[in-house]
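Q: Dropping a structure here in structure tokens format, bear with me for questions.
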Amino acid sequence: MNQKGFSMIELAVAVSIMGILVSMAIPNYIQQTANQRLKDDIANIRGDLQMARMAAMANNSAVVVNFDVPAAGQYQIFLDNGVTGGTARNSMRDGCEPFLDYGGRPLIVMPCEPVPNGVTRALYEGIGIAAVPPNGTITISFAPSGSRNSDVTTIALSNDYGINRTIAVTPIGEVGEAM
């Protein structure tokens, strides 16, 4: 008698082979996803730094980007212009100095707390700032001319797989990925 179809043994072998292939592919997929998230965060920070530089020139005021504020893996951008009791150009958000939204527009928040949604940017989970100075805050400041107005020149990010990428800010304020 001529039977058509697969035997149980043939089916079990095919399922086993598929299981082995999937178990080999999943770790590569997870690592590739982590690497892509690192690239995305680098692109987002580059864009935000360029936007901060343009906002400093457009508003004729210093603009500060504070990393690991309010928590690790987060950052905020604000005009350091001394509005409402703050001290201008001290690289600290005091008083009610306005945050910048994603379009680079000032958001004047009254009262000063709580911080509104949309002003704190966050890195992907598993991405961290590789080197944090002793005071715990990485600050990049742009002067009204668009030049860098801080000692920090690079921001290094790393993922859980030990892959590092670095963004550099030149003294004249140009932002790019360091090689």
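A short reminder: the numbers here are calculations on the coordinates, not readings from a lab. Just so you know, these numbers come straight off a predicted model, no measurement behind them. Neighbour counts run over all protein chains shown; Cβ positions are idealised from the backbone, glycine included.
Q: Going by C-beta contacts inside 10 Å, put ILE172, ILE129, ILE138 in order with the fewest on the left.
A: With the sparsest Cβ surroundings first, the list reads ILE172, ILE129, ILE138.
Q: Here's a follow-up. Could you give the dipole magnitude of the range 1-100 about its Cα centre, charging the beta-carbon of Lys and Arg +1 and that of Asp and Glu -1, in debye to the nearest 20?
A: 240 debye
Q: Name the residue farthest towards the positive end of the dipole of the chain from the options PRO144, ALA168, ALA130, assuming +1 on Cβ of Lys and Arg, -1 on Cβ of Asp and Glu, about the Cα centre.
A: Farthest towards the positive pole: ALA168.
Q: To the nearest 20 Debye, how big is the dipole of the chain about its Cα centre, given +1 on the beta carbon of each Lys and Arg and -1 on that of each Asp and Glu?
A: The dipole of the chain has a size of about 320 debye.
Q: Further question: Note the angle between two axes, namely the Cα long axis of helix 8-59 and the longest principal axis of the Cα atoms of the chain, as a number of degrees from 0 to 90, rounded to the nearest 10.
A: Value to nearest ten degrees: 10.
Q: Okay, moving on. What's the exposure ranking of TYR75, TYR29, TYR124, TYR102, going from fewest to most Cβ atoms within 10 Å?
A: The order, fewest Cβ neighbours first, is TYR29, TYR102, TYR124, TYR75.
Q: Which one, ASP40, ASP48, ASP80, has the greatest fluctuation when you compute a Gaussian network model over the chain with C-alpha springs under 10 angstrom?
A: Fluctuation is largest for ASP40.
Q: While we're on this one: Give me the one-decimal nm value for the distance between modelled label points at LEU11 and THR170, 7 Å along each residue's Cα-to-Cβ direction.
A: The two pseudo-label positions are separated by 6.7 nm.
Q: Further question: Please check: in the Gaussian network model of the chain (C-alpha springs, under 10 Å), which one of ALA43, ALA14, ALA25 has the largest mean-square fluctuation.
A: Fluctuation is largest for ALA14.
Q: Please identify, among GLN31, GLN50, GLN76, the residue showing maximal mean-square fluctuation in a Gaussian network model of the chain using a 10 angstrom Cα cutoff.
A: Of the options given, GLN31 has the highest mean-square fluctuation.
Q: Let me have the 222 nm mean residue ellipticity of the chain computed from DSSP H runs of 4+ only, each contributing -39500 (n - 2.57), with the sum over all residues rounded to the nearest 500.
A: Dividing the helical sum by the residues of the chain leaves -11000 deg cm²/dmol.
Q: Which distance in nm do the two modelled labels at ILE30 and TYR161 give, with both placed 7 Å along the Cα-to-Cβ direction?
A: 1.1 nm
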